[in-house]
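Input: a single structure, listed below in structure tokens.
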Amino acid sequence: MTKKIGVMGGTFDPVHLGHLAVAEEARRRLKMAEIIFMPAGQPYFKALAYISPPEHRVRMLELALAGRPYFKISRMEIQRPGPSYAVETVAQLKEQMPAGNEIYFIMGWDSLLTLNLWQEPERLISLSRIVAAPRPGYTKPDVGALEKELPGISERVIILYQPLVNISSTTIRERVSQGLPIEEMVPPAVAEYIKEKGLYRGKGEQF
């Protein structure tokens, strides 16, 4: 039987309630069998930024996704050397999945606006459908304008209008570094893990 599989990439440094809300909305709206959270190894667009070690980011995902069997974690990008490209990840997943399964690649409205600048965007939209979730400060993408930059995108994109969650990993890291609470932004187990491991308090970390 054909299954719809969501893929949600990101550094997840840390994973927060916004990530979970978007994943839940996409899963319900599009009746996905599961969503794979794909923590990045070294994202090409964040090559100069500090990123927490993979073991911390994966463990926080494990804590956040506990009790949700339809949410999975893949270490594919972490284990792959070099920069992480979405198109390579989706192609590899397609090879591993039963024929007929559909991949839905989840991103924010902001990422959709620059999708034409990604690595092999035409191939990415041929291998997967794009699910774009709202982001604070961004208006609904003009699909007609996007079509001019990336022909074929209009037939491969699904625009979500909810949830609009104003949480970012950057803000969370900044708050931790300042000794401010983050309990309303991340699952309790993640907040406890950050505290226990002393994450985001180092002077060398960039925000």
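Below are the figures for this structure:
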{"item": "Calculated P(r) tail over 16 Å for the range 142-191, as whole % of Cα pairs", "result": "59 percent"}
{"item": "Computed over the chain: relative contact order in percent, which uses C-alpha pairs under 8 Å that are six or more apart", "result": "25 percent"}
{"item": "Top positive-direction residue, dipole computed over the chain with Cβ charges, set L20, A33, V186", "result": "A33"}
{"item": "Magnitude of the charge dipole, the range 4-166, Cβ model with Lys/Arg +1 and Asp/Glu -1, debye to 20", "result": "380 debye"}
{"item": "For the chain: lysine pairs under 17 Å (alpha-carbon distance), excluding those fewer than 8 apart on one chain", "result": "10"}
{"item": "Net charge of neighbours whose Cβ lies under 11 Å from the Cβ of Y193, counting Lys and Arg as +1 and Asp and Glu as -1", "result": "+1"}
{"item": "At 0.890 mPa s and 25 °C, Stokes D of the range 4-166 from Kirkwood alpha-carbon radius, µm² per second", "result": "152 µm²/s"}
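Here, each number is a calculation from the coordinates, and none is a lab measurement. Given the structure is predicted, the values throughout are model-derived calculations rather than measurements. Because the Cβ atoms are built from the backbone with ideal geometry, glycine has one as well, and the counts that use them run over all protein chains shown.
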